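Visitor: Right, I'll just put the structure down here and ask away after.
The values are calculated or read from the model by the stated rules, or taken from the named source; none is laboratory data. None of the values given here were measured: they were computed from a predicted structure. Note: ideal-geometry Cβ built from the backbone for every residue, glycine included; neighbour counts use all protein chains shown.
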Amino acid sequence: MAMEKDIDPAQLAEVRKRAAEMHDKYVKQAASGKPLSSREDALALLHGWVQSESLHKHMLSVEAAMRAYARKFSADENLWGLTGLLHDFDYEKNATIDTHVFAGIPILAERGYPPEMLDAIIGHADYYELPRQTPLAKTLFAVDELCGFLTAMAYVRPNKSLAGLEFSSFNKKFKDKRFASSVSREDIQKGASELGVELREHVLFVAAALEAISGA
């Protein structure tokens with residue numbers, strides 16, 4: 001989401017200031033320890049805000065990638081999965097740089113979602129320039145744009161899936177700037193680097209996670 005290109009520098013600076021203040025309020029000053037809401041509750045929140053089928057699919061794919069990485073890293077799979085599931089729940093109604101995340105974070109905080117989740121969701125908006133310091137935050141950023149790109153690839157493959165995807169096929173599409181042009185190649189590369197994994201390993205790992213839910 002390279003939305004910062006569509007905003008003047010003075011407004012961008014103000015948005016970044018507001019984002020830092022939001023982070024202080026809902027992350028640094030928030031208390032942990034509340035029980036995590038169920039996936040059913042999270043889905044109800046998502047369905048109440050999102051009508052777009054493609055956005056639904058995107059959040060489900062990010063959830064799948066996050067759960068796969070949680071298992072790999074021996075992390076809290078439910079926390080990581082719900083972070084992926086809800087990271088864009090406000091986007092359909094708030095698709096601008098000064099509204100996306102700003103609208104959603106107070107709602108998630110009010111519902112008792114933990115500060116580490118809020119931190120990751122704020123941090124996935126790279127244009128705020130807030131450091132991603134936790135594995136959760138780094139992983140959400142790393143899989144977000146990649147899931148969008150891989151979903152676009154699945155639509156144009158003969159089998160309409162990611163089954164048998166080879167990195168060479170991914171790389172060919174990745175270098176074609178006309179394909180899935182709205183997806184930030186820079187964010188995909190930056191995400192893998194922040195996560196400390198080779199791009200090839202990252203791509204094939206996430207593709208396998210998405211293929212695992214393709215028939216669900």
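Visitor: Give the residues of the range 8-19 that are surrounded by 14 or more Cβ atoms within 10 Å (Cβ to Cβ) and of a type in the set (Gly, Ala, Ser), sorted by residue number.
Guide: Passing the criteria: only Ala19.
Visitor: Something else: Let me confirm something: among Ala65, Ala30, which residue is under 29 Å from Val203 (Cα atoms), touching a residue at least 60 places away in the same chain (Cβ under 8 Å) and of a type outside the set (D, E, K, R)?
Guide: Ala65
Visitor: Moving to a separate point now. (1) closer than 17 Å to Ala70 by Cβ; (2) crowded, with 17+ Cβ neighbours inside 10 Å: which one isn't true of Thr134, the others all being true?
Guide: Unmet condition: (2).
Visitor: Are there any pairs with C-beta distances below 6 angstrom linking a residue in the range 184-204 that is more than 15 Å from Lys72 (Cβ to Cβ) to a residue that is of a type outside the set (D, E, K, R) and modelled with pLDDT of 95 or more, with the two at least 6 apart or on different chains, and if so which?
Guide: The qualifying pairs are Ile188/Leu146; Gly191/Phe141; Gly191/Ala142; Leu199/Ala192; Arg200/Phe167.
Visitor: Next question. Could you run through the range 125-146 and say how many residues are more than 15 Å from the chain's Cα centre (by Cα) and among the aromatic types (Phe, Trp, Tyr)?
Guide: Qualifying residue count for the region: 0.
Visitor: Give me the residue from the range 28-79 that is under 18 Å from Pro114 (Cβ atoms) and basic (Lys, Arg) and, out of that set, surrounded by the fewest Cβ atoms within 10 Å (Cβ to Cβ).
Guide: Filtering first and then ranking leaves Lys28.
Visitor: Looking at Phe149, Phe205, Phe179, which one is over 15 Å from the mean Cα position of the chain (by Cα), surrounded by 15 or more Cβ atoms within 10 Å (Cβ to Cβ) and at pLDDT 95 or above?
Guide: Sole residue among the options that is over 15 Å from the mean Cα position of the chain (by Cα), surrounded by 15 or more Cβ atoms within 10 Å (Cβ to Cβ) and at pLDDT 95 or above: Phe205.
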